[in-house]
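> Submitted below is the structure of interest, expressed as structure tokens.
The values are calculated or read from the model by the stated rules, or taken from the named source; none is laboratory data. Computed from a prediction, not measured in an experiment: that's the story for all the values here. Cβ atoms come from the backbone with ideal geometry, glycine included; neighbour counts cover every protein chain shown. In case anyone asks, the SASA skips ligands and DNA or RNA and just uses the protein heavy atoms, side chains included. Shrake-Rupley method; radii C 1.70, N 1.55, O 1.52, S 1.80 Å.
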Number of protein chains: 2
Amino acid sequence: MTSYIAPRKDMQFLLQEVLQAPRSDIPGYGDLDEGFTAAVLDEAGKVAEEVLAPLNALGDSEGCVLENGVVRTPKGFDAAFRAMKEGGWTALDCDPEYGGQGLPYLMQSAVGEIFVSANMAFNMYQGLTHGAYSAIHTHGTDALKAKYLPKMVSCDWTGTMNLTEPHCGTDLGLLRTKAEPQEDGSYLITGQKIFISAGDHDLAENIIHLVLAKAPGGGEGTKGISLFLVPKILVNEDGTLGAPNNVSVGKIEEKMGIHGNATCVMNYDGSKGWLLGELHKGMRAMFTMMNEARLGVGLQGYAVAEAAYQNAVIYARDRLQGRAVTGVENPSGPADPLIVHPDIRRMLMDQKSFIEGARALTFWGASLIDRVHRLGDQEADGLIGLLTPVIKGFQTDKGFESAVQAQQIFGGHGYIEEQGMSQFARDARIAMIYEGANGVQALDLVGRKLAADGGKHVMAFFELVKAECKAHDGDERMKPFTEALKAGSKQLQAAAMYFMQNGMKNPNAALAGSTDFLHLTGHVCLGLMWTKMAKAAYAALDAGAGDQAFYETKIATGRYYMARQMPACAMHLARIESGADPVMALAAEAF
Amino acid sequence: MTSYIAPRKDMQFLLQEVLQAPRSDIPGYGDLDEGFTAAVLDEAGKVAEEVLAPLNALGDSEGCVLENGVVRTPKGFDAAFRAMKEGGWTALDCDPEYGGQGLPYLMQSAVGEIFVSANMAFNMYQGLTHGAYSAIHTHGTDALKAKYLPKMVSCDWTGTMNLTEPHCGTDLGLLRTKAEPQEDGSYLITGQKIFISAGDHDLAENIIHLVLAKAPGGGEGTKGISLFLVPKILVNEDGTLGAPNNVSVGKIEEKMGIHGNATCVMNYDGSKGWLLGELHKGMRAMFTMMNEARLGVGLQGYAVAEAAYQNAVIYARDRLQGRAVTGVENPSGPADPLIVHPDIRRMLMDQKSFIEGARALTFWGASLIDRVHRLGDQEADGLIGLLTPVIKGFQTDKGFESAVQAQQIFGGHGYIEEQGMSQFARDARIAMIYEGANGVQALDLVGRKLAADGGKHVMAFFELVKAECKAHDGDERMKPFTEALKAGSKQLQAAAMYFMQNGMKNPNAALAGSTDFLHLTGHVCLGLMWTKMAKAAYAALDAGAGDQAFYETKIATGRYYMARQMPACAMHLARIESGADPVMALAAEAF
């Protein structure tokens, strides 16, 4: 049985000391003083620790069941969902006009991490609702917003995203679901969607499906796609529930993990739907959901790893096996705890330094989103656009690796379902796949984001890194950070240069290195984050701030990342510079 | 539903052209002419393709069940097991004196790979029997051998290894199972063992357990351990089965994968056992099983990856999604197949170049074992001792990564159990854990094998690499191979040097880099294998040998490995040279 404690102190360190939220010029950040954020994190932590985490293993073993067309979630999920609603946790950063609390997205991310760590599958029910809320909020008419958003903010009704069909996932231009316009301005939606997370369940009175479909006259490919709001149950003018809307569940998929979330085949059979955003411009509206979802998935990557890590630490401290090579450390026991062994340390440090770096990157990313939404900052918009595929792809690849490493520390016990470590690995695996498989993220980064607006955003990123390094010129203590960061940044620039020089005449020369570029960028981002964290930790130590051991641990963890993870940058660059030939040499038949 | 075709041609290339088995001086290799090995591989392939592979998914979904103290294996396993026995596949390299066919271990490995790829969980029933056979064959008295081996060679009786107890796995010195000597020279064994693969099942009349236990007078720790043969059912003097031997199954573990194999808690309650090897020297006898088992697990690493890869190739060719960035390749279809995309290629090439390199290393390792057993070659013994943890650790880490990559190519479909790709990843996961978790392999490599016999074996390995590179001096075509191999070898030597210079005064300086050293060695080994394979392929092309495309594919696959995988060597060296400080900086409480 696994356990989880919300990392309140690490989060506070980021919010108050690294990002210094209350001193930010972003509207609303002034309220995020130390006492307030501490209270929010503490309350969220209690819900996660006491209500969500105890249901995590049960959700995995019991799973969701389809009986007579109705999906039943695991025991206890309904009560927990009620607790989430009653605590107002579903409405944190939503628009106060529709019942939300209007907090910054930064706080939504911090609280979101806590809930995902405690129970990823459970949290998806409200997570997807939030994505659907955002799409409706951005693209819906006032009438649609008034009718649907209050109930979605409270999670009385939940939401879904319906993109994938059996024959197409990434390539949405191939989709076949049809939308026929009706006289009253609505559409009738017909088609089959698969892999719909939270597609049906017993936690809410109604489910608001956002469905991509083709309406007549839109032409071929993705250009002809529109986004529709399709409720499971029709909503009357007075807001009460009306007749069922011909939406049915074909089956629940048997998956590798996230068993607590119902992944459904959804059938729409002339279901009534309403257009969201412009006709035939559904891809744009859909990306409102997708970008938010991608950041959310990047968060899942390290949030699951955090839960796995916490349990690995407990096991490594408790399990007595072997003796320290440098001399017995537990003379009164039959053996020393696992944590004395250097290779166990290596694995724990890998996890710890990744997770804390990824948390910093995610929180910083969330603050960029707030900057966009609350200040209309175009530079922040470009930067977060560039970083979104990195946060999604890098953090989920590494998050899975991290969960697998945590499992490894348990030895044979890690492979037994009873211990719960297998679940973390199996749950973390999906994050590399959904909301755009990580190869698609790499393609987005190299094929679109890198050259967007004349390469302006990546240049801005390099300037940021340069300025950060420059700020510590002459500070000997910061050298292990700035030197590794400079080296990584230089390698990243060389990689971008290679793409510029070779990608024009042979696009494969860039795309063959896309995943390596994504990981190289990820390491430089985490190197930047560790530099910022080290700076904040030294500042606290210099000021004689309270918990000296906490700040020293931060610095040591960061030094580990710089010494042991940043060397991956050179490997990625070497791979990139080997070009397309090794990758594309074989004919398709030769595999 | 997955499929599998035995890679006959790739195996023949290794046996006949790279290892040139028939021309070897190892007794028995003269018989391994092209026609003979082709026939063996083809027959094994048919059994694997037609009998074992179709049961793989079913074994996973159905699993093993404990009912009224009896373990039931999945439907169809019994018929398949009979087919294996009747085909003589359980006796391939066993001693003809006990009914074996006396073939080299090399052939056992080739055939073993085929069976593991087709159905890993199923093959473990005979795989563990083989390990137990080897231990009895090496350490048993003539009487024990005559009584047990013929039935084990035929797999009428199967075997197990009983090491782990609830409180100890790696640290066997802690074990509590007791052996009380009896007047008749036998022992009564009492204790509980866990994680016993194939611990009980309905495929054989009897199960011969090899059990580590402590007999009186042996002292503390591993020194007091002895190895005992404990049959599930006692065997009468005339070879017929007698009374049950107080061996019972406590439960079957619910695991992440290999569901088709029953992993049991075994209870011994005064069960009669017979000493194998010397009293209080059971660890040595146990290592006979373990070393063979570790090579077998290293084989599982890439064998499961091979099956996953084959299915990923099929999917990448069939699934239409997106268009090639360099121009439409499938104009008559709605989209191009996945395989046109560079990042899909990268993943397939990663898998292909790893798997073929690992197969070469495994076959070469098997030939070293034959050299030891059939020629008493001490140098070969030292070399395979050095390479065993590398084959086990590196190949299972990479094999899992490879299976995960194959799963990734399926996108969302890879996460659905129905497709079978999740099973490959879940099955492959155990190989990183059992027979000594990979961290223990790294410890064995750096802590024991590297310095064994004054470092003689690692020096011999470096000489081998040097000679291989030198043999191609002046051959321009071989440069991409020899240059990358030289660079990797130099980095490996630098790492070994770092350990020598720092490990004496601080053992943690070596152990903190042990896993990186294991991976660095693995890459150099595969670089060496690819150099040998490229040489053989060029020789065949120069000689105008038949299938030109086959040899060109080999060379291109090797070039991929050298260009895109060997750069990992520098990263591992950089991590190693960062020393113990980053790894050991934190106090245990600081995690």
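> Check whether at least one residue in the stretch B:429-441 is under 30 Å from residue A:431 (Cα atoms), more than 20 Å from the chain's Cα centre (by Cα), crowded, with 24+ Cβ neighbours inside 10 Å and assigned by TED's automatic domain parsing to the domain that holds residue B:310, and report yes or no.
No, that holds for no residue.
> Looking at (1) in contact (Cβ under 8 Å) with a residue 60 or more places away in the chain; (2) open to solvent by 50 Å² or more (accessible area, probe 1.4 Å), which is the only condition residue A:451 fails?
(1)
> Only one of A:118, A:146 is closer than 28 Å to residue A:422 by Cβ and either modelled with pLDDT of 95 or more or over 22 Å from the mean Cα position of the chain (by Cα) (or both); which?
Answer to the check: A:118.
> I've got another one for you. Of all residues in the stretch B:175-184, how many are open to solvent by less than 50 Å² (accessible area, probe 1.4 Å) and without any contact (Cβ under 8 Å) to a residue 24 or more places away in the chain?
Total satisfying the criteria: 0.
> May I pose another question? Please return the ranges of helices (runs of 4 or more DSSP H) entirely within the stretch A:413-498 where 3 or more residues are basic (Lys, Arg).
A:456-470
> Output the qualifying pairs, or none if there are none: Cβ atoms under 7 angstrom, residues six or more apart or on different chains, first residue in the stretch B:212-235 and more than 25 Å from residue B:137 (Cβ to Cβ), second residue at pLDDT below 95 and part of a helix (DSSP H, G or I).
As it stands, the answer is B:221/B:173, since those pairs meet every condition given.
> State whether one or more residues within the stretch B:283-298 are acidic (Asp, Glu) and buried (at least 24 other Cβ atoms within 10 Å of the Cβ).
The answer is no, given that none of the residues of the stretch B:283-298 is acidic (Asp, Glu) and buried (at least 24 other Cβ atoms within 10 Å of the Cβ).
> Identify, please: which residue in the stretch A:149-174 is open to solvent by less than 50 Å² (accessible area, probe 1.4 Å) and among the polar types (S, T, N, Q) and is, among those, nearest to the chain's Cα centre (by Cα)?
Here the residue is A:160.
> Where residues in the stretch B:270-282 are open to solvent by 10 Å² or more (accessible area, probe 1.4 Å) and assigned to a strand (DSSP E or B), which of them is farthest from residue B:250 (Cα to Cα)?
Checking each candidate, the answer is B:275.
> Of the residues that make up the stretch A:258-269, is at least one open to solvent by less than 30 Å² (accessible area, probe 1.4 Å), within 14 Å of another protein chain (Cβ to nearest Cβ), at positive phi and modelled with pLDDT of 95 or more?
Among the residues of the stretch A:258-269, at least one is open to solvent by less than 30 Å² (accessible area, probe 1.4 Å), within 14 Å of another protein chain (Cβ to nearest Cβ), at positive phi and modelled with pLDDT of 95 or more, which makes the answer yes.
> Just checking, does the stretch A:368-386 include any residue being touching a Leu at 6+ places or on another chain (Cβ under 9 Å), closer than 24 Å to residue A:9 by Cα and among the hydrophobic types (A, V, I, L, M, F, W, C)?
Yes, the stretch A:368-386 contains at least one residue that is touching a Leu at 6+ places or on another chain (Cβ under 9 Å), closer than 24 Å to residue A:9 by Cα and among the hydrophobic types (A, V, I, L, M, F, W, C).
> So, one more: Could you go through the stretch B:566-583 and let me know if any residue there is closer than 22 Å to residue B:439 by Cβ, more than 14 Å from every other protein chain (Cβ to nearest Cβ) and either touching a residue at least 40 places away in the same chain (Cβ under 8 Å) or in contact with a Cys (Cβ under 6 Å, 6 or more places away or on another chain) (or both).
no
> Specify which of the listed residues (A:188, A:241, A:234, A:144) is over 28 Å from residue A:260 (Cα atoms) and open to solvent by 30 Å² or more (accessible area, probe 1.4 Å).
Details: A:241 fails: over 28 Å from residue A:260 (Cα atoms); A:234 fails: over 28 Å from residue A:260 (Cα atoms); A:144 fails: open to solvent by 30 Å² or more (accessible area, probe 1.4 Å).
Residue meeting the stated conditions: A:188.
> Now for a different question. If residue A:330 passes every condition in (1) buried (at least 24 other Cβ atoms within 10 Å of the Cβ); (2) of a type outside the set (Gly, Ala, Ser); (3) within 11 Å of chain B (Cβ to nearest Cβ); (4) in contact with a Pro (Cβ under 7 Å, 6 or more places away or on another chain) but one, which one does it miss?
It fails just one condition, (1).
> Mind telling me which of the residues A:291, A:311 ends up being at pLDDT below 95 and not hydroxyl-bearing (Ser, Thr, Tyr)?
Just a single option satisfies the conditions, and that option is A:291.
> While we're here: Can you confirm whether the stretch A:385-399 contains a residue that is surrounded by fewer than 24 Cβ atoms within 10 Å (Cβ to Cβ) and at positive phi?
No, the stretch A:385-399 contains no residue that is surrounded by fewer than 24 Cβ atoms within 10 Å (Cβ to Cβ) and at positive phi.
> Exactly one condition in (1) within 13 Å of the chain's Cα centre (by Cα); (2) assigned to a loop (DSSP other than H, G, I, E, B) is not met by residue B:90; state its number.
Just one mismatch for residue B:90, condition (1).
> Being at pLDDT 95 or above, under 29 Å from residue B:547 (Cβ atoms) and in contact with a Lys or Arg (Cβ under 8 Å, 6 or more places away or on another chain), is that true of even one residue in the stretch B:82-93?
no
> Residues in the stretch A:328-340: is at least one part of a helix (DSSP H, G or I), at pLDDT 95 or above and of a type in the set (Val, Ile, Thr)?
Yes, the conditions are met somewhere in the stretch A:328-340.
Every residue, every condition in (1) over 29 Å from the mean Cα position of the chain (by Cα); (2) open to solvent by 30 Å² or more (accessible area, probe 1.4 Å), yes or no:
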| site | (1), (2) |
| --- | --- |
| B:196 | no, no |
| B:215 | yes, no |
| B:246 | yes, yes |
| B:254 | no, yes |
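> Residues B:323, B:374, B:345: which one is within 14 Å of another protein chain (Cβ to nearest Cβ) and open to solvent by 30 Å² or more (accessible area, probe 1.4 Å)?
Criteria check complete, one pass: B:323.
> Quick check on this structure: which one of A:2, A:90, A:73, A:37 is buried (at least 17 other Cβ atoms within 10 Å of the Cβ) and touching a His at 6+ places or on another chain (Cβ under 6 Å)?
None of the others qualify; the one that does is A:73.
> Using beta carbons and a limit of 7 Å, which pairs, at least six apart or on different chains, have the first residue in the stretch A:505-531 and within 8 Å of chain B (Cβ to nearest Cβ) and in a helix (DSSP H, G or I) and the second one of a type in the set (Val, Ile, Thr) and surrounded by fewer than 24 Cβ atoms within 10 Å (Cβ to Cβ)?
A:507/B:325; A:507/B:326; A:508/B:325; A:508/B:326; A:511/B:325
> Using the structure shown, decide if residue A:414 is within 12 Å of chain B (Cβ to nearest Cβ), small (Gly, Ala, Ser), buried (at least 24 other Cβ atoms within 10 Å of the Cβ) and within 18 Å of residue B:256 (Cβ to Cβ).
On the way: within 12 Å of chain B (Cβ to nearest Cβ): yes; small (Gly, Ala, Ser): yes; buried (at least 24 other Cβ atoms within 10 Å of the Cβ): yes; within 18 Å of residue B:256 (Cβ to Cβ): yes.
Criteria met by residue A:414.
> From the set of residues in the stretch A:389-411 that are at the interface with another protein chain (Cβ under 10 Å from one of its Cβ atoms) and charged (D, E, K, R), which is nearest to residue A:506 (Cα to Cα)?
Once the filter is applied, the top-ranked residue is A:397.
> Taking the condition of being more than 17 Å from residue B:253 (Cβ to Cβ) and facing another protein chain (nearest Cβ under 9 Å), how many residues in the stretch B:156-167 meet it?
0
> Here are some residues: A:535, A:486. Which one is away from every other protein chain (no Cβ under 12 Å), touching a residue at least 12 places away in the same chain (Cβ under 8 Å), over 24 Å from residue A:445 (Cβ atoms) and open to solvent by 10 Å² or more (accessible area, probe 1.4 Å)?
It is A:535.
> Specify which of the listed residues (A:35, A:100, A:45) is out of contact with any Ser or Thr (no Cβ under 8 Å at 6 or more places or on another chain) and outside any helix (DSSP H, G or I). Spell out how you get there, then give the answer.
Values: A:35 fails: outside any helix (DSSP H, G or I); A:45 fails: outside any helix (DSSP H, G or I).
The unique qualifying residue is A:100.
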